[in-house]
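The values are calculated or read from the model by the stated rules, or taken from the named source; none is laboratory data. Bear in mind that the values here come from a model prediction, so they are computed numbers and not experimental data. With ideal geometry, Cβ positions are generated from the backbone for all residues, glycine too; neighbour counts draw on all protein chains shown.
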Amino acid sequence: MLRKIATIISIAMLLFLFTTQITLADIEHFNWINPAYVGPDPYYPGGATIIAYKEGTPWNISLSVKNDYRQTPPPAIPKAVNVTGIKVYFDWGKWYNYTFGTPIKMEIEEVKVFQVGNVTPMVSEAPETWLHEYWVYVEYIPEGGVEVEYWDWHGGNFAVLSENHLVALILYNKMSTIMKVQPPLWYMINVTQARVLMIQSSIKFTEGMSYYSVGIFSTARTSLESASSFFDEALSIWDEKGTALEDAVAERESAEANYYNALADSTRKGADAAVINSYGLLFFGLGWIIIGIGLIGYVVRKPKAA
């Protein structure tokens, strides 16, 4: 009995394989065109890397497929196909359909590139509070067939951002690295006004990110814009006054060096004069000694009077 059941199941599987067409091909390459932002976003869990478009702006995708379609039953027979359309579905519950009035024929092993797009919905329709999934289907009919089949692509981490969210994110990326420097940058600044501005920038940055983390993007944007403004002003003042201070220090050091060089030169000249004077006195003294010796010799050798 069990043997008969196993035989029946085997026959059923064979019949299924003989009557089913298997699609081996798939979308080979997929890319979003000119997104507003690609990269990590600290708002989403784990600072997820996102593909983001601003609400109300066009989104576009580019994809390529290779027709390596094979039909079964064996032997697997490659066939040309006619691409009839492309459909894109997002998890906010909307289909974006593109139907080709004249199907596009793809020969066996041929590669074709397609590009489709539409308008990114507003965040009221596609919330920015979570990341979205999407599915792409390239529909085709095998040559000689009548049933529509498809190649597909699935992805996630698609974000629809409000303008406030996007601007705040760009400001965060501008300043996040410098704000993490240890010791803090303001600690190393030697210009008081620039240091105060840098501290204000740090306070506003922290404030902005506290709002950003809970999705209050309008307030976060305002705070981060203030942080950026304070930061830029601090750098400008530091550059201007810090450079002037460096120039003043350099001039002072140059003046001190010139003073000490002059002092050393004066000392050297004084020493040289002293040496010259000492030699003069020495020679003067030696002269008188020689004269004295000469006089003594003269007296000794002088003839006595008769």
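Only one entry in S176, S201, S228 is of a type in the set (S, T, Y), surrounded by fewer than 20 Cβ atoms within 10 Å (Cβ to Cβ) and in contact with a helix residue (DSSP H, G or I) (Cβ under 7 Å, 6 or more places away or on another chain), namely S228. Criterion applied to V146, V214, V136 was being surrounded by fewer than 22 Cβ atoms within 10 Å (Cβ to Cβ) and not assigned by TED's automatic domain parsing to the domain that holds Q115, and the one residue passing it is V214. Selection of first residues in region 108-127 that are in a loop (DSSP other than H, G, I, E, B) and of second residues that are basic (K, R), restricted to Cβ pairs under 7 Å at least 6 apart or on distinct chains, gives the following pairs, ordered by first then second residue: I108/K79; E109/K66; T120/K54. With respect to the conditions (1) surrounded by 14 or more Cβ atoms within 10 Å (Cβ to Cβ); (2) within 34 Å of the chain's Cα centre (by Cα); (3) of a type in the set (A, V, I, L, M, F, W, C), I108 falls short on a single one, namely (2). V65 passes every criterion in (1) loosely packed, with under 15 Cβ neighbours inside 10 Å; (2) at pLDDT 95 or above; (3) among the aliphatic types (A, V, I, L, M) apart from (1). The single condition from (1) in contact (Cβ under 8 Å) with a residue 40 or more places away in the chain; (2) on the phi < 0 side of the Ramachandran plot; (3) in the same structural domain as G39 (by TED's automatic domain parsing) that H154 fails is (1).
Run W59 past the list (1) free of Cβ contacts under 8 Å to residues at least 12 places away in the same chain; (2) part of a strand (DSSP E or B) and report the number of the one that doesn't hold. Every listed condition holds for W59 apart from (1). For region 143-197, the tally of residues that are hydroxyl-bearing (S, T, Y) and in a loop (DSSP other than H, G, I, E, B) stands at 1. Of all the criteria given as (1) within 21 Å of D41 (Cβ to Cβ); (2) in contact with a Gly (Cβ under 9 Å, 6 or more places away or on another chain), the one not satisfied by I216 is (2).
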